[in-house]
Structures are given as C-alpha cells and as structure tokens.
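Report on the structure given below.
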Amino acid sequence: MTDLRNTTLNEDERAALYGVLCREERDQRAVIAGAEAKLKDNYKRGKEWGFAKEEITFHEKARKAGDGSSIVQKHGIHKKILIKLGLVPDDRGGDLLTDRADWLQMYDAKGEADGLVGEGGPGHSKHPANSDEDKAYLAGWKRGQMKYAENWKAAMEKAQAARSKEEPAADPGSDPFQDAAE
C-alpha cells in the first residue's frame with residue numbers, strides 16, 4: 001500500500017520553512033539584544049551604587065559553579081560570596097586563631113544569600129528536612145528574604161535620590177522636623 005500523504009516539500013514550502021527559521025532567529029536576536037541592553041544598564045546602575053560589574057556577575061558564576069567544578073572549587077567560590085556580603089568573617093590569609101564560621105553558620109549564611117537574591121527556599125538546602133543543616137539554611141533564607149523585602153524600596157529611593165542629587169523621601173512614620181525640635 002502506498003503512502004497517500006505527500007511529505008515532499010516544493011520550492012515555495014521549503015522557502016517558507018526557511019522564512020520561519022529566519023524570523024525566529026531575528027526575534028530571538030532581538031530578545032538577546034534587549035537582555036544585553038538591560039544587563040548593561042544594570043552594570044551602569046551598579047557602578048553608580050558602588051558595585052563593580054565583576055561583583056555583580058560573581059554571584060551568578062558561583063551559583064552555576066559545579067558544572068565541571070570540584071566540590072572544593074565550588075565551596076571556595078560560595079565562601080567568597082558570603083564574605084563579600086559580610087555574612088561570614090573573612091578568614092582568608094588569617095592565622096589559626098582567626099574567627100571562622102562553623103558549618104552551621106555557613107549553611108545559615110548560604111541560606112541568607114539565597115534569600116537575598118530570590119533563590120532557594122524550603123527543600124533547597126540539599127539536606128534532610130528538619131536536620132540541623134536544613135534548619136540553619138531555612139533560617140538564613142527567611143532572614144535574607146526579609147532583609148530584601150524590608151529594604152529594597154528604601155534602598156532604591158536613596159540610590160535614585162543620590163543619582164538625581166535629591167533628598168530621599170521621608171519615612172511616612174517619621175517626623176521630618178525632629179532634628180529642629182531638639
């Protein structure tokens with residue numbers, strides 16, 4: 001029995017398929033160009049706020065570390081991030097008596113860093129639920145989420161005010177004339 005479906009493309013159909021692929025290429029390149037422009041603006045804003053591009057990209061690189069990285073390399077990169085965020089003491093180059101973060105403090109700090117950047121959460125500690133490690137990670141994650149939620153708006157207003165040389169908006173619950181009364 002012969003196949004009644006005609007699956008052979010004529011020249012116009014082949015050209016149309018080529019058009020589909022080229023249109024998709026154009027559309028995706030526009031998305032990429034838009035994303036690159038947004039990244040460039042983000043780096044510019046970071047520079048205005050006192051963060052180098054390398055500091056911003058460092059976190060993402062470390063987060064993706066593991067693909068081809070040894071566990072020691074991955075741990076080292078994560079530790080550098082936690083030190084940069086001020087979540088663990090910088091013990092690099094110190095002596096043996098330097099304050100160091102213990103393993104639970106490291107899980108707590110990792111959770112806080114994840115919460116701060118909007119990643120991780122329950123089930124992401126890579127440890128059994130309700131274990132000491134999981135509890136430390138979740139406590140840090142919640143603290144990071146709260147730190148972000150409570151501070152991002154004020155930080156943005158202050159950064160925008162600094163950029164435009166204006167005073168940041170006063171906290172609605174504060175008295176703007178408190179200093180004059182004293």
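Numbers below:
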{"read-out": "Where a label projected 7 Å from the Cα of Asn151 along Cα→Cβ would reach, residues of region 107-134 with amide N under 12 Å", "value": "113, 116-117"}
{"read-out": "Calculated on alpha-carbon atoms, Rg and Dmax of region 1-43 in Å", "value": "18.9, 65"}
{"read-out": "For peptides 10-21, 77-88, 126-137, sequence by mean Cβ density within 10 Å, most packed first", "value": "77-88, 126-137, 10-21"}
{"read-out": "Dipole in debye (nearest 20) - region 109-150, about Cα centre, beta carbon charges: Lys, Arg +1; Asp, Glu -1", "value": "40"}
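Bear in mind that the values in this text are calculations on the coordinates, not laboratory data. Values in this document were obtained by computation on a predicted structure and should not be read as measured data. So basically every Cβ, Gly included, is an ideal-geometry build from the backbone, and we count neighbours across all protein chains shown.
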